[in-house]
1. Among the lysines, select those whose C-alpha is under 21 Å from the C-alpha of A:LYS358, and discard any that sit fewer than 8 residues away in the same chain.
2. Can you compute the equivalent ellipsoid semi-axes for the stretch A:228-332, i.e. the square root of 5 times each eigenvalue of the Cα gyration tensor, sorted largest first and rounded to whole Å?
3. Seen from all sides and averaged, what is the projected area of the convex hull of the Cα atoms in the stretch A:1-155, in nm²?
4. Enter the mean number of other protein chain beta carbons within 10 Å of the beta carbon of each residue in A:57-70, as an integer.
5. Among rounded, prolate and oblate, which fits the stretch A:340-460 when a ≥ b ≥ c are the square roots of the eigenvalues of its C-alpha gyration tensor, a/c under 1.5 means rounded, and a/b larger than b/c means prolate?
6. Take the Cβ-Cβ distance between B:GLU12 and A:LYS296 as r, set R0 to 51 Å, and report the resulting FRET efficiency rounded to the nearest 0.05.
7. Given points 7 Å out from each Cα along the Cα-Cβ axis, report the A:HIS343 to A:ASP156 separation in nanometres with one decimal.
8. About the Cα centre of the protein assembly as shown, what is the dipole size in debye to 20, counting +1 per Lys and Arg Cβ and -1 per Asp and Glu Cβ, all else neutral?
Amino acid sequence: MNTNYSLIIIGGGLSGLAAGIRYARFGGSVLILEKHTIPGGLNSYYSRKGFLLETGLHAMTNFADPGEKHAPLNRLFRQLKLSRKQFITHEQFSSLIHFPDKTTLSFSNDFSLLRDEVARVFPSEIDGFDKLQAFIDSLDAFAPNPRLSTRMILADYIHDPLLTEMLLLPLMVYGNSEEHDMDFSQFAIMFRSIFKEGMFRPHGTIKDFLDLLVTKFTSFGGEIRYKSHVVSCLKKGNRITGVTLANGEIINCNNVISTIGAPGTWNLLSLPPENDMCGKMSFMESIYILPSNARKNILNDHTIIFYSEKKEFQYCRPQSPVDPSWGVICFPENFQNLPLGDHFQIRVTNAANYELWKNASSSQYKLMKVEWGKVSKEITTKIIGNYQQNIVYEDSFTPLTIEKFTAKEQGAVYGSPFKIKNGKTPCPNLFIAGTDQGFLGIVGSMLSGVSMVNQHILQE
Amino acid sequence: MTRNEIKDIVIEIIEDIDEDAEMDSLDSEKPLRDQLDLDSMDFLDIVMELRKRYKLQIPEADYPQLATLTSCVNYLEPKLQDV
Ligand SMILES: Cc1cc2nc3c(=O)[nH]c(=O)nc-3n(C[C@H](O)[C@H](O)[C@H](O)COP(=O)(O)OP(=O)(O)OC[C@H]3O[C@@H](n4cnc5c(N)ncnc54)[C@H](O)[C@@H]3O)c2cc1C
């Protein structure tokens, strides 16, 4: 077996797989080391009772028709030499932002729907909304901009605080690592990828998508090893010369890309984490499976419902184990032209407090899951109607589950609030890709992997 | 390699990069990027593919010389003459 690779990638999540394909494509020798038994990281799957359950995917963002050459999704496919034409997509029906007093905005992959909705519900704000949108269009959000407060910038365009909250909820919950506020570049990227481009699902499951990526990677000569937990990096001066696995094995390499987040990477270098590298935002997610005929009893014609029970939602680590007063309700079957099966799923995501779950004893932990699952069900029932009596199977995961399966410290799904946008670390041949480089979500983290290889490794 | 062979190679590489590329209507004297609507990431792929196939190192400063099909052939001809 080869024990000296030009590139080692730590982590077989979406950013690691994309980086691997990109490098292997041009003949470079590359090894992906993944500690879990399957690929995917935050976006993976498991089986229970004959159901394949997905752990990440609600929807992929950045929808674009195959003909739109410069759209991020299509650029990504070209970079990975994957055929966009053969990649079948299912667009969302429509989604809903649901706030108190029946104030709702719906949106779809046709941006004009959201614009019409804003004009309908907030007639005096539509000029500001149009200007905000024009400003976002004019911005190069990928340039290394200084951090600007989204709330401050929004205040220049939008005057009704309720509209501000309603626009922030979907964009924060799908990709903001910071509490309370958001970096405006990140807001602009999310505004485009969710409101302007839109949401879809790939045909098949996330397993099929991961299989496609792994097959591409190995067909280019890349190697992937599972159950391979990297515990440290070997250094000569400042340069990394290789990595050590948990079983003591040493593998040498010329360059390393780490996708395990900044705190985890600093750990491998035996460096103390810098300022407050750990993100605070984590979630509890519950998956409910219901028989198909239970659809008719509930509000079931949207793809995703972003809800808040209060006019202001608190985007932060809650005081209680879970904050069900705001969250996301996702219907993974509600995408256009998906075949209907015997069962359907409802998935509910709420902010959760890592520490409270961490400090619970194992019996408390089980009780907390049941108890908070119940509160979450009661609140979501008020929005979509009673689905509880029809649940045939349910499972939930907590910040601890996320930490265990992805090594994201404190279960911080979106990583550290301090992003390392150029990917550089204290070592000249070690680079960060994925969540902590700053691109989030499935399409974002894959683009991150690709662009780090392009910038730092390919052109050496 | 002859000029025609080099031209075919470049066309083949572009077709390989972009499944939608319309090569039939290509004007050899006009910039490839405009005609094919390529971006800088795609452009890098042409360079990387030449490197993979022929071990050619093309420094970034030379990228402008790959602007049109004809200029590509001019630039590559001396480098690929023994291939
Ligand atoms: C509940 C939930 C829902 C989501 N929904 C969506 C969605 O609907 N749409 C969307 O676009 N995005 C969604 N996301 C976000 C998306 O999943 C992530 O942004 C993306 O998958 C991040 O990929 P990554 O490669 O950066 O990180 P990761 O997926 O975390 O990959 C890192 C990998 O490194 C491995 N690893 C860690 N430490 C080591 C080590 N020491 N040695 C070896 N391997 C190691 C981990 O096992 C993991 O596989 C969701 C996330 C969650 C948790």
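The values are calculated or read from the model by the stated rules, or taken from the named source; none is laboratory data. Quick caveat: nothing in here was measured; it's all calculated off a predicted structure. For neighbour counting, all protein chains shown are included, and Cβ atoms are generated from backbone atoms with ideal geometry for every residue, glycine included. All accessible areas refer to the heavy atoms of the entire protein, side chains included, with ligands and DNA or RNA removed. Shrake-Rupley method; radii C 1.70, N 1.55, O 1.52, S 1.80 Å.
1. Partners within reach: A:LYS280, A:LYS366, A:LYS369, A:LYS374, A:LYS404, A:LYS408.
2. Working: eigenvalues 382, 80, 24 Å².
Equivalent ellipsoid semi-axes, largest first: 44, 20, 11 Å.
3. Working: hull surface 60.0 nm².
The number I arrive at for the stretch A:1-155 is 15.0 nm².
4. Numbers: counts 0, 0, 0, 0, 0, 0, 0, 0, 0, 2, 1, 0, 8, 5.
The mean count of partner-chain Cβ atoms within 10 Å per residue comes to 1.
5. Working: a/c = 3.30, a/b = 1.94, b/c = 1.70.
Prolate is the answer for the stretch A:340-460, as a/c is 1.5 or above and a/b outweighs b/c.
6. Details: r = 56 Å, r/R0 = 1.09.
Result of the calculation: an efficiency of 0.35.
7. Those two pseudo-labels are separated by 5.1 nm.
8. On the way: 54 positive and 66 negative charges, 408 e Å.
So the dipole magnitude of the protein assembly as shown works out to roughly 1960 debye.
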